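For reference, the structure is listed below as structure tokens.
Every number here is computed from the coordinates shown, using simple stated rules; none is lab data. Predicted model, so just to flag it, every value in this text is computed and none were measured. Cβ sites come from the backbone with ideal geometry, for glycine too, and all protein chains shown count toward neighbours.
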Amino acid sequence: MDLKIIKKDEEELHMEFEGESHTLLNLLRTELLKDERVMYATYDTKFTIMDNPIFKLRTRGEDPLEIMKQAASRITAQCDEFLQCYNAALG
Amino acid sequence: MKVELIELREDRIRFLLTGATAAFANGIRRACMSEVPTLAIDEIRLYDNTSVLFDEQISLRLGLIPLTAEDLDVYSSPEDCICEGAGCPGCRVDFILTAEGPKMVYSQDVVFTDPGVKVAFEGIPVVVLGEGEKLVVEGYATKRTGSAHSKWQSGTTCGYKNLPRIDIGDCQKCGKCVKVCPRDVLALDEGDRVRVVNLLACSLCKLCIDECDYQAITVTPVPDSFVLTIEGDGSIKAKDLVVKAAEEIRHRAEMIGEKMADLS
């Protein structure tokens with residue numbers, strides 16, 4: 001995965017996710033929208049297959065990089081919790 | 001988060017996931033299908049093909065044979081290999097296939113140089129050879145993910161649905177809903193009242209709601225409970241497939257976190 005920052009200021013972040021799809025980005029968006037400091041979080045692919053998705057995040061004055069980092073760590077924690085529950089269920 | 005096992009077979013797993021978002025359940029489903037790497041025959045060289053099938057058809061059939069490896073981690077995908085995609089034993093598994101008619105060529109006739117790599121199922125027919133017909137093929141398999149081509153898809157039939165919640169109110173004991181249900185979710189008990197007997201089979205089609213003249217039944221999806229069904233192509237056990245999918249998502253989320261930390 002390669003990330004390209006297209007736009008970045010105090011409260012806005014536009015990023016290109018090379019080779020990523022709904023699998024991760026939908027999860028990331030859902031996680032970001034749970035955060036009250038986020039004004040909007042969305043992503044769009046100009047032309048499917050040919051273009052990389054662009055993720056757009058706007059916050060209510062907080063550092064978007066920090067908020068994105070926290071959302072990513074929440075996903076990591078979710079995966080850990082899932083793996084733990086899953087392995088326990090399989091016995 | 002809670003996981004309850006419903007069904008477990010070598011090639012198929014069904015479990016109930018509670019306390020997760022739809023995005024997470026969908027992430028697992030999508031990752032099982034397109035982000036978990038597996039081996040598949042990638043390029044072939046035909047030395048002799050006098051069978052009734054065209055070369056292209058033979059190559060298509062060979063590509064779609066599911067392959068298993070004792071240890072898949074010893075191989076890297078061509079993009080991540082130290083040879084930078086040029087092709088080396090680290091990212092390629094060579095095979096040969098020679099057959100002479102009259103014979104039916106099956107998947108097990110494909111012989112790999114690495115004894116740890118085998119076809120997942122024996123007895124997949126490739127081509128029928130008549131008297132005097134010959135097939136001599138050499139080539140290699142590579143490790144990639146389903147997002148590159150469906151032949152590398154290790155999860156084939158993967159899906160999820162919300163767990164339904166069926167409430168029965170003022171039942172008039174007509175039994176119409178029991179008859180209309182295509183999956184036998186409902187049944188009449190001793191007092192002729194309708195009862196839910198097989199909740200997990202319910203597909204939320206809501207035919208019972210339409211059929212009931214007294215509006216006694218409600219069917220609603222439980223928003224944070226999901227029934228996931230994951231079926232593999234035999235190249236990897238279904239239970240391991242789910243673990244790999246979750247690890248794949250975790251790895252990517254971790255990478256985003258690291259990149260964000262680098263930038264700020």
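Could you check the stretch B:220-235 and list, in sequence order, the residues that are aliphatic (A, V, I, L, M) and surrounded by 17 or more Cβ atoms within 10 Å (Cβ to Cβ)?
Filtering the stretch B:220-235 for residues aliphatic (A, V, I, L, M) gives B:222, B:227-228, B:230.
B:227, B:228, B:230 - these are the residues of the stretch B:220-235 that are aliphatic (A, V, I, L, M) and surrounded by 17 or more Cβ atoms within 10 Å (Cβ to Cβ).
Looking only at the stretch A:4-18, how many residues end up being within 9 Å of chain B (Cβ to nearest Cβ) and farther than 16 Å from residue A:44 by Cβ?
2
Go through (1) under 21 Å from the mean Cα position of the chain (by Cα); (2) loosely packed, with under 14 Cβ neighbours inside 10 Å for residue B:162 and report which single condition fails.
The one condition residue B:162 does not meet is (2).
Across the stretch B:117-148, what is the total count of residues that are surrounded by fewer than 21 Cβ atoms within 10 Å (Cβ to Cβ) and either without any contact (Cβ under 8 Å) to a residue 12 or more places away in the chain or closer than 19 Å to residue B:88 by Cβ (or both)?
5
Please go through (1) within 10 Å of another protein chain (Cβ to nearest Cβ); (2) of a type outside the set (Val, Ile, Thr); (3) surrounded by 19 or more Cβ atoms within 10 Å (Cβ to Cβ); (4) under 21 Å from residue B:249 (Cβ atoms) for residue A:53 and return the number of the only condition it doesn't satisfy.
Residue A:53 satisfies every listed condition except (1).
In the stretch B:1-43, which residue that is buried (at least 17 other Cβ atoms within 10 Å of the Cβ), under 26 Å from residue B:121 (Cα atoms) and more than 15 Å from the chain's Cα centre (by Cα) is farthest from the other protein chains (Cβ to nearest Cβ)?
Filtering the stretch B:1-43 for residues that are buried (at least 17 other Cβ atoms within 10 Å of the Cβ), under 26 Å from residue B:121 (Cα atoms) and more than 15 Å from the chain's Cα centre (by Cα), the one farthest from the other protein chains (Cβ to nearest Cβ) comes out as B:41.
If you scan the stretch A:40-50, which residues turn out to be under 22 Å from residue B:263 (Cβ atoms) and loosely packed, with under 15 Cβ neighbours inside 10 Å?
Scanning the stretch A:40-50 gives A:40, A:42, A:44.
When the residues of the stretch B:201-231 are narrowed to those that are touching a strand residue (DSSP E or B) at 6+ places or on another chain (Cβ under 6 Å) and not hydrophobic (A, V, I, L, M, F, W, C), which ends up farthest from residue B:158 (Cα to Cα)?
By that ranking, first place goes to B:218.
Out of B:62, B:67, report the one residue that is touching a Leu at 6+ places or on another chain (Cβ under 6 Å) and either buried (at least 17 other Cβ atoms within 10 Å of the Cβ) or on the phi < 0 side of the Ramachandran plot (or both).
On the way: B:62 fails: touching a Leu at 6+ places or on another chain (Cβ under 6 Å).
Being touching a Leu at 6+ places or on another chain (Cβ under 6 Å) and either buried (at least 17 other Cβ atoms within 10 Å of the Cβ) or on the phi < 0 side of the Ramachandran plot (or both) holds for just one of B:62, B:67, which is B:67.
Among the strands (runs of 3 or more DSSP E) contained in the stretch B:166-237, which hold 3 or more residues that are over 30 Å from residue B:107 (Cβ atoms) and either in contact (Cβ under 8 Å) with a residue 12 or more places away in the chain or acidic (Asp, Glu) (or both)?
On the way: elements: B:186-188, B:194-196, B:217-232.
By residue number, B:194-196, B:217-232.
Determine if the stretch B:203-216 includes at least one residue that is surrounded by fewer than 20 Cβ atoms within 10 Å (Cβ to Cβ), small (Gly, Ala, Ser) and within 12 Å of chain A (Cβ to nearest Cβ). Give the steps one after another, and end with the answer.
Here is the first cut: in the stretch B:203-216, the residues surrounded by fewer than 20 Cβ atoms within 10 Å (Cβ to Cβ) are B:203-207, B:209-211, B:213-216.
Next, from what is left, pick out any that are small (Gly, Ala, Ser): B:203, B:216.
Now restrict to residues that are within 12 Å of chain A (Cβ to nearest Cβ): none.
The answer is no; no qualifying residue exists.
I'd like to know if the stretch B:248-255 contains one or more residues that are aliphatic (A, V, I, L, M) and either more than 7 Å from chain A (Cβ to nearest Cβ) or more than 29 Å from residue B:69 (Cα to Cα) (or both). Full working, then the answer.
So in the stretch B:248-255, the residues aliphatic (A, V, I, L, M) come out as B:249, B:253, B:255.
Retained after the next criterion (residues that are either more than 7 Å from chain A (Cβ to nearest Cβ) or more than 29 Å from residue B:69 (Cα to Cα) (or both)): none.
Scanning the stretch B:248-255 turns up no residue that is aliphatic (A, V, I, L, M) and either more than 7 Å from chain A (Cβ to nearest Cβ) or more than 29 Å from residue B:69 (Cα to Cα) (or both).
Every residue in the stretch B:101-116 that is exposed (fewer than 15 other Cβ atoms within 10 Å of the Cβ) and without any contact (Cβ under 8 Å) to a residue 40 or more places away in the chain, please.
Just the residues of the stretch B:101-116 that are exposed (fewer than 15 other Cβ atoms within 10 Å of the Cβ), to begin with: B:102, B:104, B:108, B:111, B:113, B:115-116.
Result: B:102, B:104, B:108, B:111, B:113, B:115.
Taking the condition surrounded by 21 or more Cβ atoms within 10 Å (Cβ to Cβ), among the hydroxyl-bearing types (Ser, Thr, Tyr) and within 12 Å of chain B (Cβ to nearest Cβ), does residue A:23 pass?
On the way: surrounded by 21 or more Cβ atoms within 10 Å (Cβ to Cβ): yes; among the hydroxyl-bearing types (Ser, Thr, Tyr): yes; within 12 Å of chain B (Cβ to nearest Cβ): yes.
Yes: the conditions hold for residue A:23.
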